[in-house]
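Everything below concerns the one structure shown next.
The values are calculated or read from the model by the stated rules, or taken from the named source; none is laboratory data. Bear in mind the structure is a predicted one, so any value in this text is a computation, not a measurement. Here the Cβ is made from the backbone with ideal geometry for all residues, glycine too, and neighbour counts use every protein chain on show.
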Amino acid sequence: MQTKAMPATPVMLTIGDFSRATLLTIKTLRHYHDTGLLAAAEVDAQSGYRRYLTNQIPQAQMIKRFRELRMPLNEIRQLLASPDGSTRNAIMAAHLRRLEDDLERTRSAVSELRGLLGPPAGPVTISHRHIAPMLGAAIGEHVDVKHAVAWLSGALAELHSTLATQGRRVVAPAGGLFSDEIFAKGRGAATIYIPCDGPIESISRVRPYHSPEVEVATIVHEGSHRNIDLAYGALATHVARYELAADGPLREHYMVTWLPQHARHLRSKRFHTFGSDFPS
């Protein structure tokens, strides 16, 4: 018995049949049509009823898989519309990098949750120290907390460049001052500074800075910036327990060079003022 060969000419399907063929809901197909991602081959002028061609099934299958990988609709549209293979590859590569970053964050979150749900960790090391006044260069601005990491990276790069241009030598780790408003309201004053071996001239955002003399409680955080709240929590508990808190900004010192490539692996000392603060 011979079977008939499948016709080469595409066959028209109702939206219901096309939905069953692609496992995409009718609501989704309507949305894709309205946004121009997957337009119906035919739309009835009076009823608005949509029909699709069988040769649109492979495109629908590709879109379904891209969406399963959480690719934005506008990127799928660019990818499907591009005749250039290098452009399509670039779009795919960029999205795969985002997926890898998401996976890394998920693994980190799972690991941190296991640690929090498990037996309490051993006691953390918190020390007290005196910080002498120092000259330096600083950038101070009001910053949104969601942009703080990117702002910090850019500000430190600008400070290092300015010190090099003016022939000044870095004499101590970079530091930061963060107002309570940043944490309480999501936006507030922030200052990043680098101590150096002499006064500097103001240029662009960079201004001379005098780091005041302070007494502080310190804790060292080593690792990703995403779990830095664990260090904050331990330090806050210590300060509250021993009634050491004083008004003033949260202080940080960065024990590695902060540049964009180091943003995921920050080793920093977190400073919380508990004594007198002598502003410049």
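Going by the conditions given, is His160 surrounded by 16 or more Cβ atoms within 10 Å (Cβ to Cβ), out of contact with any Gly (no Cβ under 9 Å at 6 or more places or on another chain), assigned to a helix (DSSP H, G or I) and at pLDDT 85 or above? Yes; evaluated as a whole, the condition is true for this residue.
Taking the range 126-139 as the range and being part of a strand (DSSP E or B) and surrounded by 10 or more Cβ atoms within 10 Å (Cβ to Cβ) as the test, the residues that pass are Ile126, Ser127, His128, Arg129, Ile131, Met134, Leu135, Gly136, Ala137, Ala138, Ile139.
Every residue, every condition in (1) surrounded by 15 or more Cβ atoms within 10 Å (Cβ to Cβ); (2) among the acidic types (Asp, Glu); (3) more than 18 Å from Arg67 (Cβ to Cβ), yes or no:
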{"site": "Val11", "(1), (2), (3)": "no, no, yes"}
{"site": "Asp17", "(1), (2), (3)": "no, yes, yes"}
{"site": "Thr22", "(1), (2), (3)": "yes, no, no"}
{"site": "Thr25", "(1), (2), (3)": "no, no, no"}
{"site": "Thr35", "(1), (2), (3)": "no, no, no"}
{"site": "Arg51", "(1), (2), (3)": "yes, no, yes"}
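When we screen Met92, Met62 for residues that are more than 28 Å from the chain's Cα centre (by Cα), assigned to a helix (DSSP H, G or I) and either at pLDDT below 85 or surrounded by 12 or more Cβ atoms within 10 Å (Cβ to Cβ) (or both), the only hit is Met62. A single member of Val214, Val239 is within 18 Å of Ile126 (Cβ to Cβ), surrounded by 15 or more Cβ atoms within 10 Å (Cβ to Cβ), without any contact (Cβ under 8 Å) to a residue 40 or more places away in the chain and touching a strand residue (DSSP E or B) at 6+ places or on another chain (Cβ under 7 Å), and it is Val239. Restricted to the range 133-148, and to residues there that are over 14 Å from His253 (Cα atoms) and hydrophobic (A, V, I, L, M, F, W, C), the residue that is farthest from the chain's Cα centre (by Cα) is Leu135. In this structure, Arg77 does satisfy being farther than 30 Å from Ala231 by Cβ, modelled with pLDDT of 90 or more and either surrounded by 15 or more Cβ atoms within 10 Å (Cβ to Cβ) or hydroxyl-bearing (Ser, Thr, Tyr) (or both). Filtering the range 173-208 to residues that are over 15 Å from Gly140 (Cα atoms), at pLDDT 90 or above and part of a loop (DSSP other than H, G, I, E, B) leaves Gly186, Asp197, Gly198, Pro199, Ile200, Glu201. Residues in the range 103-125 include none that are surrounded by 12 or more Cβ atoms within 10 Å (Cβ to Cβ), farther than 30 Å from Ala236 by Cα and among the charged types (D, E, K, R).
When restricted to residues that are within 21 Å of Gln78 (Cα to Cα) and within 33 Å of the chain's Cα centre (by Cα), the range 20-53 contains 11. For the range 95-125, filtered to residues that are of a type in the set (A, V, I, L, M, F, W, C) and part of a loop (DSSP other than H, G, I, E, B), the residue that is farthest from His221 (Cα to Cα) is Ala121.
Just checking, how many residues over the range 171-190 are of a type in the set (Val, Ile, Thr), over 21 Å from the mean Cα position of the chain (by Cα) and crowded, with 16+ Cβ neighbours inside 10 Å?
Initial filter on the range 171-190 (of a type in the set (Val, Ile, Thr)): 171, 182.
Within this subset, residues satisfying the condition of being over 21 Å from the mean Cα position of the chain (by Cα) are 171.
Going one step further and asking which of them are crowded, with 16+ Cβ neighbours inside 10 Å, we end up with none.
Residues flagged as of a type in the set (Val, Ile, Thr), over 21 Å from the mean Cα position of the chain (by Cα) and crowded, with 16+ Cβ neighbours inside 10 Å within the range 171-190 amount to 0.
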